[in-house]
Amino acid sequence: MADIGISGDQIAALGRPGSLNGRVRLDARGLVVAPGFIDIHSHGRRGIFEVPLAENYIRQGVTTMVEGNDGGSPLPLGPFLDKLAVTRFAVNFATFAGHGSIRQQVMGLENRRSTPEEIQKMKELIRQAMTDGAFGLSTGLFYVPGNYAATEEVIELAKVAGQMGGMHISHMRNEADGLLDSVRETIRIGEEGGLPTQITHHKAVGKPNWGRSTDSLRLVEEARSRAVDVSIDQYPYTASSTGTAALFPQWAQAGGSKSLLERLEASEQRVKIKVAIVENILLNRGGGDPKNVVMASCAFDTSLAGKSLAEITASRGRAVTVENAAETAIDIQKRGGCSAIYHAIAEEDIERILRSPHTMVASDGGIPAFGRDVPHPRSYGTFARILGRYVRERRILTLEEAVRRMSSFPAGRLKIFDRGLIRAGLKADLAIFDPATVGDKADFGNPHQYAEGIRHVLVNGRVVLRDGKMTGEMPGRVLYGPAHGTQ
């Protein structure tokens, strides 16, 4: 036990219990006092301006969110960060630069290899983004247009980010039948790019691929044995979430939505697209059954949120077959698509990946408007779920190790050297919780439920959660990467 003295935004001193005095005191007897949690993979820009309190994250103990993942980020990055810097919000906010956004700015959504001249333009964009404050390069090689890029293109951009102190973090090209080759590619980008590389939201998707985390973790260990700086992050749920476009083959999405619609009007191409969707439902994100694909939000029809592809198919008078579900998916995409939840991950793989000492925790979530739509519960529960289910109940991790995975590990990875530890002189970001009650309440049926057991949260020395109640304080800051301000 110890007293923690805070002055301004810093931890000023650590002392014996009762040895430090202050104008404001928080009683943490019987509680765990931890560094504020750092979410290295989030999508907070979707809601930071609309819901600046970010209560769903504060109530998990998260004090820093990192955006720009999966290859997508604002470009240019500077104006976005400038706008954010004059906005009041509760959490600290950092970002990567997205390879997909960079490629799209230079090449559009063309499905081809880049030319040397185009690669040079992309290198200039990543260099500017790093100067603006990015923490590194994110790739979404599963998504369009990142999927169209050769590994060599990514390596050239990664070299720039690495030379400027950044890291690489990747939504890999394939998390299903191509899982192992995708892990090899992520490792290669780090090895040849000369920078730390990270497999983000690591999982094995689709029943035929369950158990392959044994082999993917072996590849990580082999790479680390030859001094490749590779790490992992993970969310602790058996479902993923992304757009319904994930059911469609990437080649069909070249050129954007208009081009996809044109291909769906061409009978021969439509047949090929439907075959690919059926395969994705059976073997990939669909988990073998249309009932496993559940809409999270649909702008064109809000009533679809919470309904599965099977339910929507039945409501349209069709027998619930995989082929008819594919037709329903096509109809949905023609109308603009939806965000969906895909139940296709094994609990055994989650626990195996979590046991790896190279795995940190990340939500892959956003800041939803409370009560709107039916989003993935990871936005409300990830960090508390680790502490409740996987520490207290399942004993997969010790409490101390779990806290490290959420704080000092990602802080060190990002080179945020003034946070992530409780030490005099560092920033006073703190999460204080009851280890006996901390846990997640959000589930897939009712995701809009805040985590419980987090008692107090401080961001930059100011109390944003006191005795389980939000204070309304919004002391969050923009955090800038290692090359910020350089030329």
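The values are calculated or read from the model by the stated rules, or taken from the named source; none is laboratory data. Since the structure is predicted, the reported quantities are computational estimates derived from the model, not experimental observations. As a convention, Cβ positions derive from the backbone with ideal geometry for all residues, glycine included, and neighbour counts pool all protein chains shown.
Worth pointing out:
- When the residues of the range 445-487 are filtered to those that are touching a residue at least 24 places away in the same chain (Cβ under 8 Å) and at positive phi, the one that is surrounded by the most Cβ atoms within 10 Å (Cβ to Cβ) is 453.
One line per residue, one yes/no per condition, for (1) within 22 Å of residue 44 (Cβ to Cβ); (2) in contact with a Phe, Trp or Tyr (Cβ under 8 Å, 6 or more places away or on another chain):
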residue	(1), (2)
386	yes, no
396	no, yes
411	yes, yes
446	no, no
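- Elements of type helices (runs of 4 or more DSSP H) in the range 111-227, at least 2 residues being in the same structural domain as residue 289 (by TED's automatic domain parsing), on the phi > 0 side of the Ramachandran plot and not β-branched (Val, Ile, Thr): none
- Listed by first and then second residue, the pairs linking a residue in the range 145-168 that is more than 17 Å from residue 482 (Cβ to Cβ) to a residue that is aliphatic (A, V, I, L, M) and in a helix (DSSP H, G or I), with Cβ atoms under 8 Å apart and 6 or more places separating them unless they lie on different chains, are 145/107; 151/189; 153/119; 153/122; 154/189; 155/189; 156/119; 156/122.
- Meets criteria (over 16 Å from the mean Cα position of the chain (by Cα), in the same structural domain as residue 61 (by TED's automatic domain parsing) and under 21 Å from residue 457 (Cβ atoms)) for residue 389: yes
Condition check ((1) modelled with pLDDT of 95 or more; (2) surrounded by fewer than 19 Cβ atoms within 10 Å (Cβ to Cβ); (3) over 16 Å from the mean Cα position of the chain (by Cα)) across all residues:
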{"position": "179", "(1), (2), (3)": "yes, no, yes"}
{"position": "183", "(1), (2), (3)": "yes, no, yes"}
{"position": "198", "(1), (2), (3)": "yes, no, no"}
{"position": "201", "(1), (2), (3)": "yes, no, no"}
{"position": "208", "(1), (2), (3)": "yes, yes, yes"}
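- Condition check for residue 398: without any contact (Cβ under 8 Å) to a residue 24 or more places away in the chain and either in the same structural domain as residue 63 (by TED's automatic domain parsing) or more than 18 Å from the chain's Cα centre (by Cα) (or both): yes
- Residue match in the range 238-253 (condition: of a type in the set (Ser, Thr, Tyr) and without any contact (Cβ under 8 Å) to a residue 40 or more places away in the chain): no
- Scan of the range 1-59 for residues that are in a loop (DSSP other than H, G, I, E, B), surrounded by 19 or more Cβ atoms within 10 Å (Cβ to Cβ) and among the polar types (S, T, N, Q), ordered by number: 42
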